[in-house]
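The values are calculated or read from the model by the stated rules, or taken from the named source; none is laboratory data. Computed from a prediction, not measured in an experiment: that's the story for all the values here. Every residue, glycine among them, receives a Cβ derived from its backbone with ideal geometry; neighbour counts consider all protein chains shown.
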Amino acid sequence: MTGATTLATADFATKLNGVAVPSESPRSDNRWDDLERLRSSHPMMDAVIDEVQGRRIRIGNQWLSDFASCNYLGFDLHPQIIASVAPAVQRWGTHPSWSRLLGSPRPYVEIEERLTELLGAPDTLVLPTITLIHMSVIPLLVGQGAVLVDAQAHKTIYEGAAIARGAGATLHRVRANDPEHLAQVLRSLPANVTKVFCIDGVNSMTGNAPDLPLYARICREHGALLYVDDAHGFGIVGESPTPNMPYGYRGNSIVRYYNESYENLVLVAGFSKSYSSLAAFLALPASLKNYLKVAAPPYLYSGPSPTASLATVLAGLGVNELEGDDIRRALCQKTRRVLDHIAKLGLRTLNTSGYPVIELPLGNADEIDAVGRFLFDRGIYVTLAPYPLVPRSQVGFRVQVTAANDDSQIDQLNDVLTELCQRFEMQPATGPV
Ligand SMILES: Cc1ncc(COP(=O)(O)O)c(C=O)c1O
């Protein structure tokens, strides 16, 4: 970390047309310095993408294979899904600028009906983004009660929990991969307090799923609600997994993957990853849906998802039904090729699931900048994972495989990883966590 000094408010307030504006980011500590240095100087951060061709992107003069996209199913490039946009915009205009409380174009109803069937859920509610859902719904569910958050939960869950705490709830951190700790914390809370435990489904960094049936059982035993964010699992994992189809079928998310019930469980996921569309949803009981319709600000006030996104969600649901399992089968094989190569190189990855989110931690966290530049120069685009986005022991990079990465790109990635571990210190497969 660099030793930047803490600025006093007066130092960064300047006047513009008589209004005080910050001339530098206000900050109370230097926790973000590493990230800011990378953001402002690194070609693989805050980049401007000049052109896209399939899963190849151009940044300036450099063409790169894109392993940072969350479009896991390749729906962003699917001809039928692309073709769905123009007719929908012709029919509904570009944007339904009513808040949902005022009115929802019929595609919303169709999406919620089809989604409810796909998930086998009691009901569903579509809102613009998962971030908005966490920030508005977690405080409503918790009230003045207790919000418990898994240590590895996504940052946006923590934001929602922090808002709940600001409104009078208590916040409790639960050790990751430690269901017994959850039981301990729940036991320590008064019986009459509302309790909500929040956790990721398929985790955005490790690529692994929690033991959901165990967490669900513990929550039910202690009268707590289980709130699951499966942003990365929806579209990828689904019902009835087998050794030949380890992701399961239909991509209907982690609850169905485990054949778990929705009792005392709220599932949150989004279309902005596998379905390449700006929308998100909750799977929830109808009574809670009706409550959120009058209490959750994104339903009452937010501008809704654009018409193009509603169209691509609907078209995506259709493509998922017809082609989804074949796409997932191919995605699983591509991911397997990368994971097998990583194992052959003896490198550690957090991924033990075989899902297409693969974090590779560095041996020396200070080399993140150089490793990123090496990958960029070799034409590989990944997500850098610097501190404080991940703990220092996990600083590294994340590779995401999508159905639209072709075999030659997987070969290229594997070759570059071979070269990378000859030049840089990576954590060994058997090394410390
Ligand atoms: C686990 C998880 N939850 C939520 C989000 C944010 O989703 P949205 O773009 O719908 O706000 C992300 C995106 O990175 C994520 O990985």
Handout entry: Meets criteria (assigned to a loop (DSSP other than H, G, I, E, B), within 16 Å of the ligand (Cβ to nearest atom) and farther than 17 Å from I254 by Cα) for A231
Key = no
Problem - helices (runs of 4 or more DSSP H) within segment 32-126 that include 2 or more residues closer than 29 Å to T383 by Cβ - result: 33-41, 79-83, 106-119
Handout entry: Filter result for D50 (among the charged types (D, E, K, R), at pLDDT below 95 and more than 22 Å from the chain's Cα centre (by Cα))
Key = no
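A quick yes/no check of all residues on (1) at pLDDT below 95; (2) touching a Gly at 6+ places or on another chain (Cβ under 9 Å); (3) over 17 Å from C70 (Cα atoms):
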site: R336; (1), (2), (3): no, yes, yes
site: D340; (1), (2), (3): no, no, yes
site: R348; (1), (2), (3): no, yes, yes
site: Y355; (1), (2), (3): no, yes, no
site: N364; (1), (2), (3): no, no, yes
site: F376; (1), (2), (3): no, no, yes
site: Y381; (1), (2), (3): no, no, no
site: V390; (1), (2), (3): yes, yes, yes
site: D411; (1), (2), (3): no, no, yes
Problem - Pairs, first within 11 Å of the ligand (Cβ to nearest atom) in segment 272-283, second in a loop (DSSP other than H, G, I, E, B) and hydrophobic (A, V, I, L, M, F, W, C), C-beta under 6 Å, six or more apart - result: S272/L278; K273/C70; K273/A231; S277/F271; A279/F271
Completion exercise
Residues of segment 375-418 being among the aromatic types (F, W, Y) and out of contact with any strand residue (DSSP E or B) (no Cβ under 9 Å at 6 or more places or on another chain), in sequence order, are Y387
Handout entry: Selection from segment 280-322 of residues that are of a type in the set (G, A, S) and assigned to a helix (DSSP H, G or I)
Key = A286, S287, A295, A308, S309, A311, A315, G316, G318
Handout entry: Tally, over segment 249-265, of residues that are crowded, with 23+ Cβ neighbours inside 10 Å and not in a helix (DSSP H, G or I)
Key = 2
Fill in the blank from the handout: Restricting attention to segment 390-413, the residues that are surrounded by fewer than 17 Cβ atoms within 10 Å (Cβ to Cβ) and either under 22 Å from S204 (Cα atoms) or of a type in the set (F, W, Y) (or both) number exactly 3
Practice task
Would you check if there is a residue in segment 158-175 being of a type outside the set (A, V, I, L, M, F, W, C), within 12 Å of the ligand (Cβ to nearest atom), assigned to a strand (DSSP E or B) and more than 24 Å from R100 (Cβ to Cβ)?
Solution key: no
